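Everything below concerns the one structure shown next.
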Amino acid sequence: MSTAYLNGEYLPLAEARISPLDRGFLFGDGIYEVIPYYCGQSVGLIPHIQRMIDGLAAIEIKCDKSLQEWTILLDDLIAKNQGSKHNLGVYVHVSRGTDTIRNHAYPVDVSPTIFCFTFEIKEPEPVDRSNAATYTVTTTQDLRWKRCHIKSTALLGNVMHYQQGHASGNSECLLYNTDNELTEGSSVNAYIVKDGVIITPVLDNQILPGITRRIIIDSIIADGSIKIEERTVTMDEVHNADEVWISSSSKEIAPIVQIDGVNVGDGKIGPVWEKAFAIYTAAKFTHS
Ligand code: PDD
């Protein structure tokens with residue numbers, strides 16, 4: 001049984017309780033993070049916490065924990081879950097808190113609900129073509145909201161798109177806007193590779209500023225051996241790409257081998273992914 005954190009207390013996950021009047025439950029009124037720890041070593045801890053602090057400010061949830069207090073809390077939670085021996089993801093959730101009635105307006109004098117728990121994540125991928133996991137995706141128009149840069153706990157739009165992929169036997173669903181431009185996947189950022197250049201959509205309100213994305217871009221630029229561009233990517237470019245990848249804290253960088261049943265390139269893991277993955281793997285624990 002894993003140990004969770006709820007409003008200042010560490011307790012068995014199965015014993016954690018919140019009120020049904022919590023605004024996270026009623027409205028999805030909260031911000032969350034998922035942070036990977038491999039045998040106690042976190043990836044992107046400070047940027048993850050900073051993104052959460054920024055998200056809380058964006059929706060005016062007053063949570064007075066500092067970056068340092070968050071770091072201590074999460075490190076304690078990892079230690080209580082024998083994190084030095086396991087690969088764990090930490091789910092961190094801050095909702096606006098529990099009101100006395102259901103009312104859309106932000107309540108005053110309500111303390112946020114802070115809930116964190118850990119879960120097992122898989123080993124990082126080996127840099128070996130034969131063993132790496134590959135993914136297939138479907139595509140659909142992005143029907144989520146227009147504030148996708150906020151990591152809101154209100155994920156029904158994402159969940160419905162993910163389910164579209166899942167129900168058609170795929171591992172993800174790539175999304176495009178009304179101009180036929182790639183945004184991201186339902187729970188991942190997206191990339192194409194063309195003629196040796198990595199290209200990923202620019203940050204705006206249509207996509208989440210992924211921490212894995214940031215580490216990938218920074219480490220590729222620092223390494224200098226592969227060109228990387230942040231720009232608009234059309235779906236025509238996606239369908240004609242040499243390689244297509246997705247990234248997230250739990251999947252790291254993962255190669256897509258099929259889109260809507262059609263092979264990407266030759267349908268195998270591409271050489272640029274292999275190289276980029278090695279660069280990312282070498283940099284991920286030191287990025288801050
Ligand atoms: N998903 N885009 C969306 C819509 C996401 O939900 C996520 C993360 C990402 C990648 O962000 P990062 O690299 O910071 O994990 C992009 C998380 C893992 C989830 O909801 O479980």
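Which aspartates and glutamates, if any, have their Cα less than 15 Å from the Cα of Lys268, not counting same-chain residues under 8 positions apart?
Asp128, Asp242, Glu243
Using a Förster radius of 30 Å, what is the FRET efficiency between Arg231 and Ser2 based on their Cβ-Cβ separation? Nearest 0.05, please.
On the way: r = 42 Å, r/R0 = 1.39.
Taking R0 as 30 Å, the efficiency between Arg231 and Ser2 is 0.10.
Round to the nearest 10 and give me the degree value, 0 to 90, for the angle of helix 67-80's Cα axis relative to the longest principal axis of the chain.
90
Classify region 185-263 from the C-alpha gyration tensor, please: rounded if a/c falls under 1.5, else prolate or oblate depending on whether a/b exceeds b/c.
Details: a/c = 1.43, a/b = 1.18, b/c = 1.21.
Note, shape of region 185-263 comes out rounded.
What share of the DSSP beta bridges in region 163-288 is antiparallel, in percent to the nearest 5? Provide the component values of the computation, followed by the final result.
On the way: 18 of 22 bridges.
If I count the DSSP bridges inside region 163-288, around 80 percent turn out antiparallel.
For Lys151, give me every one of the aspartates and glutamates with a C-alpha distance below 12 angstrom, ignoring sequence neighbours fewer than eight places off in its own chain.
Lys151 reaches Asp29, Glu33, Asp54.
As an exercise, use a Förster radius of 35 Å and the Cβ-Cβ distance of Phe285 and Asp109 to find the FRET efficiency, rounded to the nearest 0.05. Walk me through the numbers on the way to the answer.
On the way: r = 41 Å, r/R0 = 1.18.
FRET efficiency, Phe285 to Asp109: 0.25.
Sequence-distant or interchain residues sharing an amide H contact under 5 Å with Asn87, placed H: which?
Long-range HN contacts for Asn87: Cys39, Ile121.
D for region 104-209, whole µm²/s, Stokes-Einstein with Kirkwood Rh over alpha-carbon pairs at 25 °C and 0.890 mPa s: what number? Intermediate values should be presented prior to the final figure.
Details: Rh = 16.4 Å.
The calculation lands on 150 µm²/s.
If you average 1/r over every pair of different alpha-carbon atoms in region 132-177 and take one over that average, what Kirkwood value in Å do you get? Kindly include the intermediate steps, with their values, before the conclusion.
Details: mean 1/r = 0.0888 Å⁻¹.
Taking the inverse mean of 1/r over all distinct Cα pairs, region 132-177 comes out at 11.3 Å.
Through the Karplus equation 6.51 cos²θ - 1.76 cosθ + 1.60, θ set to phi - 60°, convert the phi angles of region 184-195 into ³J(HN,Hα) values in whole Hz; use x for Gly and Pro.
7, x, 5, 9, 8, 7, 10, 9, 10, 10, 9, 6
Using θ = phi - 60° and the Karplus curve 6.51 cos²θ - 1.76 cosθ + 1.60, what whole-Hz ³J(HN,Hα) does each residue of region 49-60 get, with Gly and Pro shown as x?
The phi angles translate into 5, 5, 4, 5, 4, 5, x, 5, 5, 4, 10, 6 Hz.
Pull out a ≥ b ≥ c, the square roots of the eigenvalues of the alpha-carbon gyration tensor of the chain, then state rounded if a/c is under 1.5, prolate if not and a/b is larger than b/c, and oblate in the remaining case.
On the way: a/c = 1.97, a/b = 1.47, b/c = 1.34.
Because a/c hits 1.5 or more and a/b exceeds b/c, the chain counts as prolate.
Would you grab the residues whose amide H sits under 5 Å from the one on Glu184? Only those 5+ places off in sequence or on another chain, please, with H modelled 1.01 Å from N.
For Glu184, whose amide H was placed from the backbone, the distant partners under 5 Å are Leu175.
Once amide H atoms are built 1.01 Å from N in the peptide plane, which residues 5 or more positions from Glu172, or in another chain, come under 5 Å H to H?
Distant-sequence amide H within range of Glu172: Thr136, Thr138.
With r defined as the distance between the Cβ atoms of His86 and Val262 and R0 fixed at 45 Å, what FRET efficiency is calculated, to the nearest 0.05?
On the way: r = 38 Å, r/R0 = 0.85.
Approximately 0.75, to the nearest 0.05.
Any of Lys122/Lys146; Lys80/Lys275; Lys62/Lys251; Lys227/Lys284; Lys65/Lys122; Lys251/Lys275 with alpha carbons more than 25 Å apart? Name them for me. Spell out each step's value before the answer.
Working: Lys122/Lys146 32 Å; Lys80/Lys275 36 Å; Lys62/Lys251 31 Å; Lys227/Lys284 19 Å; Lys65/Lys122 30 Å; Lys251/Lys275 17 Å.
Violating the 25 Å Cα-Cα cut-off are Lys122/Lys146; Lys80/Lys275; Lys62/Lys251; Lys65/Lys122.
Sticking with the crude label model, points 7 Å out along Cα→Cβ, report the distance from Ala14 to Thr178 in nm, one decimal please.
Each label point is offset 7 Å from its Cα along the Cβ direction, giving 5.0 nm.
Since every read-out is calculated from the coordinates, none of them should be taken as a lab result. These figures come from a predicted structure and were not determined experimentally. Cβ: placed from backbone, ideal geometry, glycine included. Neighbour counts: every protein chain shown.
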